[in-house]
Amino acid sequence: MASSAGHNILKFRAPPAQPVDASARDDDGDWQLIERIGRGDAPAFEVFYKRYRRYLERFVYQVTRRQELVDDVINEVMLAVWQQAARTERLALASTWLLGIANFKSLQAMRKLGITRGSDGSMDEGSGDDSLAQRELEQDNLLNVALRHLSPEQRAAMELVYFHGLHYQDIAKVMDCPENTVKTRIFHARKRLREVWPQLSGEQAGTSE
Amino acid sequence: MTKQSDTSTMNASFPHQEFSELLPFYVNGTLGDAERAALDEHLRGCLTCRAELAGEQRLMQAFRSSDAEQQVADDGFERVMARVRGSAAQPPSAWRRWGRRSVQHAVRRVAMVAMLAGVMFGIAHMQGRVGLVEQSFHTLSQDRGSVVGADVLYVAFDAQASMAAIKDALATVKGDVVSGPNRDNVFTVRVPASEVATAVDTLKARSGVKFAAPAAPGAAP
Ligand SMILES: [Zn+2]
């Protein structure tokens, strides 16, 4: 028993969930679980919670970039799962449905904090202090630094396209916005990332360290 | 760095930017056949898009290899269930006291369970994480002594113990649930500071209680 509690703790060192191609993903009983949750089945809810907790941890952190929000946002997301399970239509993959809730709750948490921009004040088409970014780049992981310069919406879109491997139609569902908004949001985020991370412009291979 | 201007899109009926906007979906493999074929055609004639494509591949690689996992408390499911049942509907409840004040608190909740399990924290392994998190772990390593107050107990119940029995047992020692139960049915409980020893004895004597002990380091079971 004590050792299994230890196992829980150590699990955060496990490799991140493998990104999956949404079209190839097997729903693996998720909707059956959600149906049971809708009928107030707590054990089903626990299975669902455990299945998706790590998945949510990463997504919520990637959008908010604030460790201190992750617990509370996941709590909100799962409460919403419990409340919405009975009246949710099975329109998409369960994981896509869940990402939609997680996206909404993450952005809501950021808005409550008054944060709608990247750390340098950039919004969808912002430009910021690149020398600051350059200094940060020397000290930290390139991607982490670069992501700080995006708005929470942009980070969500980037995570959905590159990590979750979703089609723009699915991202539009998750983000509850038109497909064209998805495309332009990602376009501007890439543009912004290229400014703070010039190797991404593709002119040279760049340092892969 | 601004990009060289694109001079190679004359043969496309579709403007360059629209192709460029499709590149992320080309790289993540979700484009439909028609869009993919059109983009392939465009890529043959567009240096800019070809260069961006290489950058897109690096970007996707970076996302997929980035370790963005978070260390969140193990009591997450129980916290949600508490809200589902409405038993945490009296804010600011004990959850809140421990729940959201700072990064340190979030980390400390993990640390408490870790200490309970006798797990050594691999602080060295934490290096290289986001600065904020790293910082918290350094803080943690420096003041483990203050992580939990002397009035906090760990109480483990038999897996079969009902919620009512647990509440009843805790009521006899005026215990407030701070967090839990974790997967091993261990609760973190705050009792009146002057009655810690009595509370431990009372709980230990009850059937259904597997163990009860002060949570503070040095006083562990
Ligand atoms: Zn082009």
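Name the residues in the range A:40-95 that are open to solvent by less than 20 Å² (accessible area, probe 1.4 Å), more than 7 Å from every other protein chain (Cβ to nearest Cβ), of a type outside the set (Ser, Thr, Tyr) and closer than 18 Å to A:Met110 by Cα, would you?
Residues satisfying the conditions are A:Leu56, A:Phe59, A:Val60, A:Val63, A:Val73, A:Val77, A:Ala80.
Among (1) modelled with pLDDT of 50 or more; (2) within 9 Å of another protein chain (Cβ to nearest Cβ); (3) under 18 Å from B:Arg64 (Cβ atoms), there is one condition A:Ser23 misses while meeting the rest; what is its number?
Looking at each condition in turn, A:Ser23 falls short on (1).
Between residues in the range B:32-52 that are assigned by TED's automatic domain parsing to the domain that holds B:His16 and residues that are open to solvent by less than 20 Å² (accessible area, probe 1.4 Å) and more than 8 Å from the ligand (Cβ to nearest atom), which pairs lie under 7 Å by C-beta distance while being six or more apart or on different chains?
Hits for this filter: B:Glu35/B:Leu22; B:Leu39/B:Leu22; B:Leu39/B:Leu31; B:Cys49/B:Leu23; B:Ala51/A:Ser201; B:Ala51/A:Gly202; B:Glu52/A:Gly202; B:Glu52/B:Leu23.
Against the condition more than 7 Å from every other protein chain (Cβ to nearest Cβ), modelled with pLDDT under 90 and in contact with a Pro (Cβ under 9 Å, 6 or more places away or on another chain), how does B:Thr9 come out, does it pass?
Details: more than 7 Å from every other protein chain (Cβ to nearest Cβ): yes; modelled with pLDDT under 90: yes; in contact with a Pro (Cβ under 9 Å, 6 or more places away or on another chain): yes.
Yes: the conditions hold for B:Thr9.
Suppose we keep only residues that are away from chain A (no Cβ under 12 Å) and not aliphatic (A, V, I, L, M) within the range B:13-35. Which one would you say is farthest from the ligand (Cβ to nearest atom)? Outline the logic, then answer.
Residues of the range B:13-35 that are away from chain A (no Cβ under 12 Å), as a first pass: B:13-15, B:33-34.
Next, from what is left, pick out any that are not aliphatic (A, V, I, L, M): B:13-15, B:33.
Working: B:Ser13: 13, B:Phe14: 9, B:Pro15: 9, B:Asp33: 20 Å.
The qualifying residue farthest from the ligand (Cβ to nearest atom) is B:Asp33.
The values are calculated or read from the model by the stated rules, or taken from the named source; none is laboratory data. This is a predicted model, so every value here is computed, not measured. Positions of Cβ are backbone-derived with ideal geometry, glycine not excepted, and every protein chain shown enters the neighbour counts. To get the accessible areas, we keep the full protein, side chains included, count just its heavy atoms, and leave off ligands, DNA and RNA. Shrake-Rupley method; radii C 1.70, N 1.55, O 1.52, S 1.80 Å.
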